[in-house]
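Throughout, read-outs are computed from the coordinates displayed, never taken from laboratory work. The structure displayed is predicted, hence computed values, not measured ones. Note: ideal-geometry Cβ built from the backbone for every residue, glycine included; neighbour counts use all protein chains shown.
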Amino acid sequence: MYLWNASSGDIQELLSAQGDDYITSLSWAADGKHVAVGYSNSLTQIWDAERCKPIRNLNGHSARVSSLSWNQHILSTGGRDSLILNHDVRVREHITATLRGHEQEVCGLKWSPNGTQVGSGGRAGGQLSGTLSFVCCFGAAASLRASQGSCQLCAPPTS
C-alpha cells in the first residue's frame, strides 16, 4: 500500500502484505494520521501513516476483512464471515459489539456523519435469482454498547 502526498507529489510505501495475504479494505480515521487496513487472512491493523508503523492488530474475524468504517474511537469491521465487529481501539479487550444480520460477506460498511447509525451492505442467498443484495442499519445504542445487535432492513432485497 502506498501513500501519495497531494501537496508534494511524493509517494511513500506504507506497507506490503506478506506471502499469500493481500489487502482487502482500508479506511482513514478522521484525524488523517491513522489508517485501518483489513487483510485476506482475517486480520485488521491500525497504522500510523505519518511514521509508517503499525500500531495495533485487531483480531476477531474468521475470514477476510472486506469493509471498514470509523466512528471516532470505534472501528467497525465487516467480514466474509458475515459479521460486523465494533472495536474500541482505546482498550485492550477491543471487541465491544458483534452485529449480526448478514448471511454472507459484508461488502460495504459506513457510519452516518452524525455517528448515530452504521449501515452495511451485503448479499444473501436467493433460491431463484442466485443472490439478493440488501442493506442493514444498526442504531448506535445497539452497535456501540451491546454485545449483540441485529439488522433492521433499510433497503429491501433486490435481485
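Extension gain for the segment Asn5 to Ser62, taken as residue separation times 0.36 nm less the Cα-Cα distance, is 17.1 nm to one decimal.
For region 1-70, trypsin sites (Lys or Arg not before Pro) are listed when DSSP marks them as loop and at most 13 other Cβ atoms sit within 10 Å of their Cβ; the list is Lys33, Arg51. Legend: ranking of residues Leu58, Leu3 from fewest to most surrounding C-beta atoms inside 10 Å; resulting order Leu3, Leu58.
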